[in-house]
Amino acid sequence: MRLDHRRVRLPANPGARLRRALVRRPWLYWVLVIAVAAVTGSIAYESVRAVEAERQTWGSTTTVHVAMRRLSPGDPLDGATAPRDVPMAVMPEDAMNAVPDGAVARHDIGPGEMLSAYDITGGEGSRGLVPDGWRTVAIVEPIPTGAPTGATVAVAADGAVLAADAIMVGLQGDAVLIAVPEADAPAVAAAAVESRAALLVGP
C-alpha cells in the first residue's frame, strides 16, 4: 500500500492572515483603530443628538387652542376655546394657535381637546360646513328625521338615491339645509320643490 505524500493545503485562517499583515505593516493597525473609533464616535454622537432632540421636544412648549366645553358640528367657536401651553411632543398636526373669527366645529369635539385645522371650518355659522364646490338645498321633511347638524345623510326621491353623501348643515324655518355635491344639486332641488325628497339617516 502506497501512501500519498502530496502536501495537503489547510484552509487559511483569516485571523492569522490579519495578524501577519499587521506584523508586516504596523501602520494598518492604526488605520483600523482610527476607523473603528470614527464609526463608534459617529454612532454615539447620533444617539446623543436623538436624546437631546427628544428632551427638547418635551421641554419646549407651544400655545394651542383647546375646547372649553363639548362642541357639536356647526357650533360656533367664539368664546368656546382658550389658549393653553402644551409640550410640543403632544401637539397635534396642524394645531391651531389661533381660531379664525366665525369658525365653527366640523365634528364633535370634547372638552379639553386640542384643536387642529381638521376640527374647524369657516364662518357663517353652520353653513361653514358646506365643502367647497357644493350647493345647499332646503328640504321640508314630511316626517323629521332629527338628523343633527354635521351628520352625513342620503337624499332620496321616488325610490332612488339622488345624493349618497349629503351633509346636514342647519335649519331654516321648517326646512333643513342639506349640502350636496354640485352635480347632484339640480336633481335634489327639483325633488325638494315637488316635496318628493326624503332624508335617509344611517344608524
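Here the 3J(HN,Hα) profile of segment 89-105, calculated from phi with Karplus coefficients 6.51, -1.76 and 1.60 at θ = phi - 60°, is 5, 9, 6, x, 5, 6, 4, 9, 8, 7, 10, x, 4, x, 5, 10, 6 Hz, Gly and Pro shown as x. In segment 61-125, Cα pairs under 8 Å separated by at least six residues give a relative contact order of 42 percent. Derived scalar couplings between HN and Hα for segment 166-174 equal 7, 10, 6, 10, x, 10, 8, x, 8 Hz in order, rounded to whole Hz, by the Karplus curve 6.51 cos²θ - 1.76 cosθ + 1.60 (θ = phi - 60°), x for Gly and Pro.
Note on segment 131-201: along the principal axes its Cα atoms extend 28, 25, 20 Å, ordered by decreasing extent. Residues whose amide H lies under 5 Å from that of R135, counting only those 5 or more places away or on a different chain, are V180, E182; hydrogens are built 1.01 Å from N in the peptide plane.
Every read-out reported here was derived from the displayed coordinates using simple, explicitly stated rules and does not represent laboratory data. Bear in mind the structure is a predicted one, so any value in this text is a computation, not a measurement.
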